[in-house]
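Everything on this sheet refers to the single structure shown next.
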Amino acid sequence: MQSLETITNWALRRGFVFPSSEIYDGFAAVYDMGPLGVELQNAIKRLWWREMVDTRPNIVGLDAQILMHPKVWDASGHTEAFTDPLVDCGACKKRFRADHLYEDATDKNADDMDMEQLGAALKEAGVKCPNCGKDAMGEPRTFNLLVGAEMGVIEGEKETVWLRGETAQGIYVNALRTAEAMRLQPPFGIAQIGKAFRNEITPRNFLFRVREFEQMEMQFFVRDEKMADEQYAFWRERRMQWLREVIGLSEENTRYHEHSPEERAHYATAAEDVQFQFPFGWKELEGIHNRGDWDLSRHSEYSGNKQTFFDQEANEHYIPRIVETSGGVGRLTLAVMSEALDEETLEGGETRLVARFKPAIAPVQVAVLPLSKKDPITEKSMEVFEGLLKGTSLRVQFDETQSIGKRYRRQDEIGTPFCVTIDFDSLEDDAVTVRDRDTMQQERVKIEELAAYLSAKFE
Ligand code: GAP
């Protein structure tokens with residue numbers, strides 16, 4: 001796997017990811033998606049939607065908003081318990097994540113420690129300030145992660161609202177409405193892709209931990225604990241399978257990590273992560289959580305509106321249990337980029353950087369490369385390009401600048417699975433050369449068969 005630095009530089013240079021507000025020296029822990037990054041992310045999001053909604057009769061989609069009634073976050077427990085352990089340096093006044101400091105210093109996990117234990121562990125490990133190097137770290141304390149905003153038109157009467165910390169809450173407060181409108185009864189699911197915000201105090205590792213990110217979450221509502229256990233087991237398997245088979249993460253770089261009771265979020269009765277081996281180590285990629293009846297019980301209590309379903313057979317109202325799958329789009333994008341980017345040594349000792357994206361998610365799937373910038377080659381190439389735009393559903397790029405060798409290298413670097421070259425022979429034989437990114441093998445294909453030939457490669 002390439003280093004994080006190589007991946008970051010490549011992503012910037014090739015138009016995948018840009019630091020936010022770069023001309024103002026950037027804005028900490030916020031990144032913009034460049035033209036290729038947005039294609040990659042859209043492809044991932046479409047495949048997720050297909051997997052979680054389109055192919056599942058009992059799961060529907062939703063698009064709840066970022067802004068919600070502030071009481072939602074009291075009910076959800078986020079205003080009280082959505083916290084990270086922080087520690088200040090008494091000398092330089094810089095603030096750090098206490099658990100990260102401990103983990104970096106000792107290579108041990110701090111997940112199971114409470115605040116007191118963490119303070120003692122930091123002292124025992126002799127952790128000094130990473131900024132000024134002094135032995136002046138204070139006691140760790142908790143810090144709320146919700147990002148606030150002011151709303152209202154009259155100065156002095158503005159209300160503090162929270163930018164949502166997870167998309168899940170938008171699903172919970174719409175659960176009864178959704179079920180009624182779509183004639184659903186548990187077991188059923190609601191899925192959403194949307195932005196979430198967190199005041200991460202020590203954001204780091206590029207897209208891994210940022211302050212504005214997108215989540216892909218699905219909440220599955222069931223009748224009782226037994227069904228929740230079954231769904232939990234099902235989604236745990238299924239999410240790993242999707243990440244490996246559809247998105248292309250390798251077995252070698254993915255594994256499960258079960259949360260201990262201390263590690264679990266305040267709402268979870270059971271939780272397991274799919275972890276990915278990033279260039280900076282094994283870390284959470286996606287979570288599968290059994291949230292019990294915590295969320296809808298709390299919303300019933302805080303809103304005064306009972307969030308119950310009716311069981312005809314048992315003749316009783318009940319609060320369903322919820323199993324959740326929750327992953328970050330940006331974090332998965334970073335995993336995909338880390339998995340794909342490869343430096344290969346060719347015969348003769350030359351190296352090439354190649355992004356081995358699964359063809360289904362490659363930002364550019366086919367590049368059309370005219371050998372010359374002059375007619376009649378350009379004209380013929382435009383015909384081929386337009387034929388592919390109309391005759392396939394692939395993402396096709398027309399690329400005519402620089403030498404053919406440089407263009408192949410550039411397309412390899414952005415992970416384009418197939419390059420189609422139009423040369424002088426094409427004018428005679430109405431055929432083109434198709435080059436495979438991974439094998440670099442070339443094949444001559446008739447132009448009239450090209451759309452079907454390429455489409456078949458993506459099935
Ligand atoms: N609704 C449950 C929930 O939000 P979480 O474990 O806090 O659970 C779920 O977050 C996923 O969201 C994580 O596995 C990760 O992929 C993504 N995520 C969370 N915080 C993030 C951050 N600061 N930057 C990028 N992705 C983040």
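Per residue of region 378-392, in order, report the coupling 6.51 cos²θ - 1.76 cosθ + 1.60 (Karplus, θ = phi - 60°) as ³J(HN,Hα) in whole Hz, putting x for Gly and Pro.
Calculated HN-Hα couplings, in order: 4, 4, 4, 5, 5, 4, 5, 4, 5, x, 6, 4, 7, x, 9 Hz.
Calculate for the chain the 222 nm mean residue ellipticity that helices alone would give, adding -39,500 (n - 2.57) per DSSP H run of length 4 or more and normalising by residue count, nearest 500 deg cm²/dmol.
Counting only the DSSP helices, I get -10000 deg cm²/dmol.
Taking only the Cα atoms of region 364-457, how large is their convex hull per residue, in Å³?
In region 364-457, the Cα hull volume divided by residue count equals 81 Å³.
Taking 8 Å as the Cα distance limit and 6 or more residues as the minimum spacing, I'd like the relative contact order of the chain as a percentage.
The value is 13 percent.
Residue-wise, which Karplus ³J(HN,Hα) couplings in Hz belong to region 156-171, taking 6.51 cos²θ - 1.76 cosθ + 1.60, θ = phi - 60°, and x for glycine or proline?
Those phi angles translate into x, 10, 6, 9, 7, 10, 10, 6, 4, x, 7, 6, 3, 5, x, 6 Hz.
Considering only DSSP states other than H, G, I, E and B, which trypsin sites (Lys or Arg not before Pro) in region 349-448 qualify as loop sites with at most 14 other Cβ atoms within 10 Å?
Qualifying residues, ordered by number: Lys373, Lys374.
Determine the relative contact order of region 285-376: mean sequence separation of Cα pairs under 8 Å and six or more apart, normalised by residue count, in whole percent.
For region 285-376, the relative contact order is 23 percent.
Could you pull out every residue, at least 5 positions away or on a different chain, whose amide H is within less than 5 Å of the one on Gly61? Hs are placed 1.01 Å off N in the peptide plane, and Pro or chain starts have none.
Ala191
Which value in Å is the Kirkwood Rh of the chain over different Cα pairs?
Roughly 24.9 Å, rounded to one decimal.
Please list, ordered by chain and number, the residues whose modelled amide H lies under 5 Å from the amide H of Thr416; skip anything fewer than 5 residues away on the same chain.
none
More than 15 Å apart: what percent of Cα pairs in region 85-144 qualify?
The proportion of pairs with Cα distances above 15 Å equals 38 percent.
Can I get the semi-axes of region 216-255's equivalent ellipsoid? Compute them from the C-alpha gyration tensor as square roots of 5 times the eigenvalues, in angstrom, largest first.
25, 11, 6
Going by average Cβ neighbours within 10 Å, how do the peptides 166-174, 311-319 rank, with the highest at the top?
166-174, 311-319
Among the trypsin sites (Lys or Arg not before Pro) in region 43-139, which ones are in a DSSP loop with at most 14 other Cβ atoms within 10 Å of the Cβ? Mind listing them?
Lys93, Lys94, Lys108, Lys134
Once amide H atoms are placed 1.01 Å from N in the peptide plane, what residues at a sequence separation of 5 or more from His259, or on another chain, have their amide H within under 5 Å of its amide H?
Residues meeting the amide H criterion: Ala271, Glu272, Asp273.
Which cysteines does the chain leave without a neighbouring Cys Cβ under 4.7 Å?
Cys with no partner Cβ under 4.7 Å: Cys419.
Could you derive backbone 3J(HN,Hα) for region 404-417 from the dihedral phi with the Karplus parameters 6.51, -1.76 and 1.60 (θ = phi - 60°), listing whole Hz in sequence and x where the residue is Gly or Pro?
Using θ = phi - 60°, the values come out as 4, x, 5, 5, 4, 4, 5, 5, 4, 5, 8, x, 6, x Hz.
Can you list the GluC sites (Glu not before Pro) in region 341-383 that are in a DSSP coil and have 14 or fewer other beta carbons within 10 angstrom?
Hits after loop and neighbour filter: Glu347, Glu350.
Roll a 1.4 Å probe over the protein heavy atoms and report the accessible area of Leu101 in Å², nearest 10.
Solvent-accessible area, nearest 10 Å²: 20 Å².
State to the nearest 20 debye the size of the charge dipole of the chain about its Cα centre, where the only charges are +1 on K and R beta carbons and -1 on D and E beta carbons.
Taking the Cα centre of the chain as origin, the dipole is about 680 debye.
Can you tell me, using C-alpha contacts under 8 Å and at least 6 residues apart, the relative contact order of region 349-456 as a whole percent?
That works out to 31 percent.
The values are calculated or read from the model by the stated rules, or taken from the named source; none is laboratory data. Here the structure is a predicted model, which is why all the values come from computation and not from measurement. With ideal geometry, Cβ positions are generated from the backbone for all residues, glycine too; neighbour counts draw on all protein chains shown. Please note that ligands, DNA and RNA were not included when accessible areas were found on the heavy atoms of the full protein model with its side chains. Shrake-Rupley method; radii C 1.70, N 1.55, O 1.52, S 1.80 Å.
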